[in-house]
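The values are calculated or read from the model by the stated rules, or taken from the named source; none is laboratory data. Here the structure is a predicted model, which is why all the values come from computation and not from measurement. FYI the Cβ positions are ideal-geometry reconstructions off the backbone, even for glycines, and counts take in every protein chain you see.
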Amino acid sequence: MSAEAVLSNRPVEAPSRLLMSGNEAVARAVWEAGVRVAAAYPGTPATEMLECVATYPDIYAEWSVNEKVSLEVAFGAAMAGSRSFCAMKHVGMNVASDALMTMTLTGVAAGLVIAIADDVGLSSSQNEQDSRFWGRFAHVPILEPADSQEAHDFALAAFELSERFETPVILRMTTRICHVKGLVGVGLRNERPVAGFHKDVGRWVMVPSAAGRRLPMVFDRERRLRAEAEVSALNVIEAGSDRRVGFVTSGPAYMHVRESFPEAPVFKLGLSFPVPFDSVREFAGQCDTLVVVEEVEPLIETELKAQGITVSGKDILPQSGELSPQVLKPAMARLLGEALPDSARAAPMPVFPRPPTMCVACPHLGVYYTLSQLRNVTISGDIGCYTLGFGQPWNALDACISMGASMGMALGLDKGRSASEEKQKIVAVIGDSTFLHMGMQGLLDIVYNRGNVTVLLLDNRAVGMTGGQDNPGNGRDIHGNEAPRVDFATLVKALGVREERVHVVDAYELPVLLRTLRDETKIPEPSVIITSQPCVLIKDYHALKPYTVVEDRCTGCGNCVDVGCPAIHVTRRDRVTKASGREVELAFVRIESAACTGCGLCLKPCAPDAIVHVDTLAMPIKVVRKS
């Protein structure tokens, strides 16, 4: 079935339209397309796609240990003749690309769609890379929906395109599409026969000789895809009465263009790679100036210029962030020599600062409080909630770049230190899911190369940052069913860490944690400290009786504030001069008992024992502070 047929033949017996986010709409289309296998690793803004897929019947869905494995699982299903689906955030394809760059040579036997969610604007990511590059790199088509309805329709079209050209297809999403809701017309499931796996070593075994024979097929496929792009119903020209500027755009940038310039002609690319050069050249004749509006890199702009088509783009538009009307309108005004719109002159509204922090009673709070007490330590961090340890009040994280990198960076810091840093302690901090994702290899490298590194493995039994998803470390699968659970102590010993250098510590027992850290950082060999307490947002966590502050006992020492728990509020700050003449600041506090879960982290550093359980007070205490 062609893309045109997919877009025009939605079953009439389907339910009425549903309110869906882009992620939910893709999941619905995956079910409708007859997909049998779906795999992913959670990562914002892509996470909800697989979560929603897992709620549909007839689909095997799994959280894989990383994106590379998830793509390999989906590819295996496609080899077996079953339609399959894989989802990840943009940085996930960095991990999965090793598989992608070879499966573009093999092609697929059944439809394989890879949804990649780009975080334009860096809402929750360490970079803002543009996943459209992967289409050019791997010579596979890219579809870019602009709203929830198109997310649904384009996902269906992607499966048809995948099978017609026997290629993986990338569905490029962005945060704006993933999380914004709209009404979506949906259909029913189209059950498809499973062809089964057909042995063909010349296709499926990619040794150099076989790969070389398949390269011409890849280039021929791209030629045929380019011809497809010229006639595809996914690419739409919208005429306009204001011919001064015409726009070539795709994805959510189209919505911004249409909102900003409703009378302008627009070439909307749904199938954005390969670019239909002939159609764009013809469209250029409908306007005086052609502008490419794309998020975020100038890919289409560069390709059009290489074809001799005169366009503007990143010479007038920013190369990062969303291209909202507040960005587009001033840029076009400058291009046309017009006065700037009033919105461009208005000062941005001041917003009360809300620095990110960890949750009340988060088991990572005590870890970073303890690390902040150490001296002469360099801390290599990783991706997760615990990345927030770099900020106030802990200031206990010195580096963080990508999933699992804490291990390799720590080894490099050890091996690359100067003679004057010989006594500097090297600590790597990594979460349980991140360790399983890409940290195990790094620890093996530390052991193999005799690194002097202490590893803090924070086991909170969840992929906490993306919503508490299950992983092999908590003994449940994506449906909440019982599954084999990794024993981290056994695992790290199997990777070569000596048994006496492996410790499992309660994350809330600060004295034990501090003592263990001090001891292990003195030992010149690899060691692992596993902190074990569940994330406070999952069902494994059980709240205890909350605490409160007896205010007339509080001396303002501020030690509890340094733990960083959001339930602790500073009510007053005073500056006093000690007998030595040194001026210090006192911080008097209260605990928001309705938020407190009774973890007890704040008790350990409280010098005057001013923190007690709420029910230990026989009656409310009238606050009479001594002068």
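Answer yes or no as to whether ARG590 is in contact with a His (Cβ under 6 Å, 6 or more places away or on another chain) and surrounded by fewer than 19 Cβ atoms within 10 Å (Cβ to Cβ). Considered against the rule, which asks whether it is in contact with a His (Cβ under 6 Å, 6 or more places away or on another chain) and surrounded by fewer than 19 Cβ atoms within 10 Å (Cβ to Cβ), ARG590 comes out as yes.
Checking each residue in segment 88-98 for being crowded, with 21+ Cβ neighbours inside 10 Å and part of a helix (DSSP H, G or I) picks out GLY92, MET93, VAL95, ALA96. State yes or no: is VAL280 surrounded by 16 or more Cβ atoms within 10 Å (Cβ to Cβ) and not in a loop (DSSP other than H, G, I, E, B)? Answer is yes for this residue.
The residues of segment 219-237 that are touching a strand residue (DSSP E or B) at 6+ places or on another chain (Cβ under 8 Å) and assigned to a loop (DSSP other than H, G, I, E, B), listed by number, are SER232, LEU234. For segment 519-527, state whether one or more residues are in a loop (DSSP other than H, G, I, E, B), modelled with pLDDT under 90 and either of a type in the set (Asp, Glu) or assigned by TED's automatic domain parsing to the domain that holds ARG461 (or both). Within segment 519-527, none of the residues are in a loop (DSSP other than H, G, I, E, B), modelled with pLDDT under 90 and either of a type in the set (Asp, Glu) or assigned by TED's automatic domain parsing to the domain that holds ARG461 (or both). Looking for something hydroxyl-bearing (Ser, Thr, Tyr), surrounded by 13 or more Cβ atoms within 10 Å (Cβ to Cβ) and assigned to a loop (DSSP other than H, G, I, E, B) - is there at least one such residue anywhere in segment 351-363? Among the residues of segment 351-363, at least one is hydroxyl-bearing (Ser, Thr, Tyr), surrounded by 13 or more Cβ atoms within 10 Å (Cβ to Cβ) and assigned to a loop (DSSP other than H, G, I, E, B), which makes the answer yes. When restricted to residues that are outside any helix (DSSP H, G or I) and within 30 Å of ALA146 (Cβ to Cβ), segment 156-214 contains 22.
The set of residues from segment 403-427 being touching a strand residue (DSSP E or B) at 6+ places or on another chain (Cβ under 7 Å) and of a type in the set (Lys, Arg) comprises just one member, LYS425. Scanning segment 96-129 for residues that are among the aliphatic types (A, V, I, L, M), in contact with a Ser or Thr (Cβ under 9 Å, 6 or more places away or on another chain) and farther than 23 Å from ARG36 by Cβ yields a count of 2.
When THR516, THR531, THR555 are checked against the criterion of being surrounded by 12 or more Cβ atoms within 10 Å (Cβ to Cβ), touching a strand residue (DSSP E or B) at 6+ places or on another chain (Cβ under 7 Å) and either among the small types (Gly, Ala, Ser) or not in a helix (DSSP H, G or I) (or both), THR531 stands alone in meeting it. How about segment 463-482: which of its residues are charged (D, E, K, R), more than 14 Å from THR434 (Cα to Cα) and surrounded by 15 or more Cβ atoms within 10 Å (Cβ to Cβ)? Hits for segment 463-482 are ARG476, ASP477. Scan segment 283-326 for residues that are assigned to a helix (DSSP H, G or I), surrounded by fewer than 17 Cβ atoms within 10 Å (Cβ to Cβ) and of a type in the set (A, V, I, L, M) and the total you get is 1.
Residue-level analysis places GLY121 outside the set of residues that are within 28 Å of GLY187 (Cα to Cα), assigned to a loop (DSSP other than H, G, I, E, B) and within 18 Å of the chain's Cα centre (by Cα). VAL231 meets each of the listed conditions (1) surrounded by 15 or more Cβ atoms within 10 Å (Cβ to Cβ); (2) modelled with pLDDT of 95 or more; (3) over 19 Å from THR104 (Cα atoms) apart from (1). Only one of the numbered conditions (1) in contact with a Cys (Cβ under 6 Å, 6 or more places away or on another chain); (2) assigned to a loop (DSSP other than H, G, I, E, B); (3) without any contact (Cβ under 8 Å) to a residue 40 or more places away in the chain is violated by PRO45, and that is (3). Would you confirm whether or not segment 99-119 contains a residue that is at pLDDT 95 or above, surrounded by fewer than 18 Cβ atoms within 10 Å (Cβ to Cβ) and farther than 22 Å from ALA155 by Cβ? So far as segment 99-119 goes, yes, one or more of its residues are at pLDDT 95 or above, surrounded by fewer than 18 Cβ atoms within 10 Å (Cβ to Cβ) and farther than 22 Å from ALA155 by Cβ. Of all residues in segment 325-339, those that are aliphatic (A, V, I, L, M) have Cβ atoms under 6 Å from Cβ atoms of residues that are modelled with pLDDT of 90 or more and in a loop (DSSP other than H, G, I, E, B), 6 or more apart or on another chain, in ALA331/ILE316; ALA331/LEU317; LEU335/ILE316. Taken together, GLY384, GLY439 contain a single residue that is closer than 29 Å to ARG354 by Cβ, assigned by TED's automatic domain parsing to the domain that holds ILE523, surrounded by 20 or more Cβ atoms within 10 Å (Cβ to Cβ) and within 20 Å of the chain's Cα centre (by Cα), which is GLY384.
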